[in-house]
Amino acid sequence: MNNIFLKKSIAANETVILRPFVYSKPSVRASVLAQIYLLALQIFALFASKSYSALFVIATAVIASIASEFVNIKKYRRHHDTLAISIVQGIFTGMFLPESFPLLAVFCITFFVFVIIKNAFETFSGSWVNPVAVSVAISYFTASQFFPESILTPDLVNTVNAGGLLFQNGVLEPLNVDFSLTPFLNEKVFSLCGVSIPTGYISLLIDNGFPIPAFRFNALTIVSSLILFSLDMISCAIPLSAIAVYLALVRTIGSFLAGGSFFQGDMLFALFSSGVIFCSLFVLPWYGTIPYTTLGRIMYGALCGIIFFVIAGIGSSAVGCIFSVLISNTVSAFVQIIENSRINKNVLNLLLPEVNVMKEVGNA
């Protein structure tokens with residue numbers, strides 16, 4: 001049985017079945033393949049919107065990730081990651097890089113970071129360092145001029161509908177469907193709750209046009225999350241707790257810290273303009289970088305939400321969520337140490353007596 005599933009079962013006080021080929025959830029390979037299929041929708045959306053530069057950046061990152069895998073195979077004479085895992089990590093990296101980033105730099109940074117991390121850690125699941133986050137962070141330090149600056153000005157930060165004002169001032173351009181769909185939703189749906197949304201927020205959800213692909217298609221990311229959660233391919237504890245805490249902080253004190261009032265933060269703009277949804281779903285809960293237990297994951301996700309708020313702010317931060325992942329992964333390593341000691345204690349108290357009983361029965 002896979003060691004990580006054994007640890008989870010013991011931590012949850014579940015019955016451990018000591019026979020081969022028993023899985024408590026879909027395998028890593030099946031989960032990764034599902035992520036690739038869902039990411040293909042976003043790649044198709046980039047193609048449909050004629051964002052060819054972004055597609056070249058993603059393709060270059062994928063090639064570099066696959067090339068790093070072949071280097072490891074040649075050195076160790078065995079597979080460290082499957083081809084599917086290399087592809088999905090390459091897609092993640094390219095999705096968080098600006099579409100104007102030089103292709104040669106994309107390949108070199110992604111290739112060398114992945115090779116170094118895969119050499120430092122024998123398997124991807126044994127690493128608490130997320131190679132995607134490291135690659136994007138190094139890309140930012142290497143050529144920060146290609147990353148977009150925040151579009152939030154000080155006079156907009158302390159307003160209630162910062163996103164709406166950005167569309168009104170022409171900083172962002174809404175989609176044509178926004179002008180017909182927003183009034184319909186305000187009249188037929190949101191009016192039932194006594195609220196309304198300004199023109200432009202539907203565009204933030206469908207395609208906000210940001211130069212970083214991971215920020216753009218939030219509707220597709222939300223649909224992907226529902227599919228992955230329903231199939232139990234990704235634990236919902238970490239993404240949901242991280243997003244909930246982040247939005248709560250944005251709403252309550254986000255505007256106040258910028259000189260405004262309490263409870264005026266624009267949650268929708270913060271959520272749809274900073275890549276928090278994509279990062280929380282795909283990058284943050286990567287294998288080997290998260291705690292084992294449900295309680296540990298909820299606490300970890302809540303801590304990540306706080307870090308999102310501190311670093312990514314209240315929206316339009318180009319790399320805030322990526323640096324948040326790096327810091328969160330460091331904290332996760334200590335959480336896993338605590339969990340391992342607790343699990344080892346449970347092994348001594350629960351499994352060993354059962355093993356001894358089985359030996360006595362066998363000897364009899």
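Numbers for the structure displayed
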quantity: Tabulated pairs, the range 43-69, first closer than 24 Å to ASN176 by Cα and at pLDDT 95 or above, second polar (S, T, N, Q) and open to solvent by 60 Å² or more (accessible area, probe 1.4 Å), C-beta under 7 angstrom, 6+ apart or interchain; calculated: SER53/SER100
quantity: Total residues in the range 165-175, condition open to solvent by 60 Å² or more (accessible area, probe 1.4 Å) and aliphatic (A, V, I, L, M); calculated: 1
quantity: Given (1) crowded, with 24+ Cβ neighbours inside 10 Å; (2) part of a loop (DSSP other than H, G, I, E, B), index of the condition ILE290 fails; calculated: (1)
quantity: Residue in the range 176-198 that is crowded, with 19+ Cβ neighbours inside 10 Å and in contact with a Pro (Cβ under 7 Å, 6 or more places away or on another chain) present; calculated: no
quantity: Flag for PHE146 being at pLDDT below 90 and farther than 30 Å from SER261 by Cα; calculated: no
quantity: Single residue of the range 142-164 satisfying the filter (in a helix (DSSP H, G or I), touching a residue at least 12 places away in the same chain (Cβ under 8 Å) and among the hydrophobic types (A, V, I, L, M, F, W, C)) that is least open to solvent (accessible area, probe 1.4 Å); calculated: ALA162
quantity: Residue list for the range 233-252, filter: among the aliphatic types (A, V, I, L, M) and either touching a strand residue (DSSP E or B) at 6+ places or on another chain (Cβ under 6 Å) or assigned to a helix (DSSP H, G or I) (or both); calculated: ALA237, ILE238, LEU240, ALA242, ILE243, ALA244, VAL245, LEU247, ALA248, LEU249, VAL250
quantity: Test result for ALA270, in a helix (DSSP H, G or I), surrounded by fewer than 20 Cβ atoms within 10 Å (Cβ to Cβ) and over 11 Å from the mean Cα position of the chain (by Cα); calculated: no
quantity: Pairs where the first residue, in the range 282-293, is at positive phi and the second is open to solvent by 10 Å² or more (accessible area, probe 1.4 Å) and in a helix (DSSP H, G or I), C-beta under 7 Å, 6+ apart; calculated: GLY288/PHE124; GLY288/SER125; GLY288/GLY126
quantity: Any hit, the range 318-326, residues being assigned to a loop (DSSP other than H, G, I, E, B) and not hydrophobic (A, V, I, L, M, F, W, C); calculated: no
quantity: Residue selected from the range 208-232 under the condition in a loop (DSSP other than H, G, I, E, B) and open to solvent by less than 30 Å² (accessible area, probe 1.4 Å), by the criterion farthest from ILE58 (Cα to Cα); calculated: ASN208
quantity: The range 298-320, subset surrounded by fewer than 24 Cβ atoms within 10 Å (Cβ to Cβ) and more than 23 Å from ILE138 (Cβ to Cβ), residue modelled with the highest pLDDT; calculated: ILE306
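A quick yes/no check of all residues on (1) of a type outside the set (A, V, I, L, M); (2) in contact with a Ser or Thr (Cβ under 8 Å, 6 or more places away or on another chain); (3) more than 25 Å from VAL32 (Cα to Cα):
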| residue | (1), (2), (3) |
| --- | --- |
| ASN208 | yes, yes, yes |
| ASN218 | yes, no, no |
| PHE229 | yes, no, no |
| VAL245 | no, no, yes |
| GLY260 | yes, yes, yes |
| ALA270 | no, no, yes |
| LEU303 | no, yes, yes |
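Conditions tested, residue by residue: (1) of a type in the set (Ser, Thr, Tyr); (2) over 19 Å from the mean Cα position of the chain (by Cα).
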| site | (1), (2) |
| --- | --- |
| PHE146 | no, yes |
| VAL160 | no, yes |
| LEU165 | no, yes |
| PRO183 | no, yes |
| PHE210 | no, no |
| SER224 | yes, no |
| ILE234 | no, no |
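The values are calculated or read from the model by the stated rules, or taken from the named source; none is laboratory data. Just so we're clear, the structure is a prediction, and the values are computed from it rather than from any experiment. Every residue, glycine among them, receives a Cβ derived from its backbone with ideal geometry; neighbour counts consider all protein chains shown. Remember, those area values only see protein heavy atoms, side chains included, never the ligands or the DNA or RNA. Shrake-Rupley method; radii C 1.70, N 1.55, O 1.52, S 1.80 Å.
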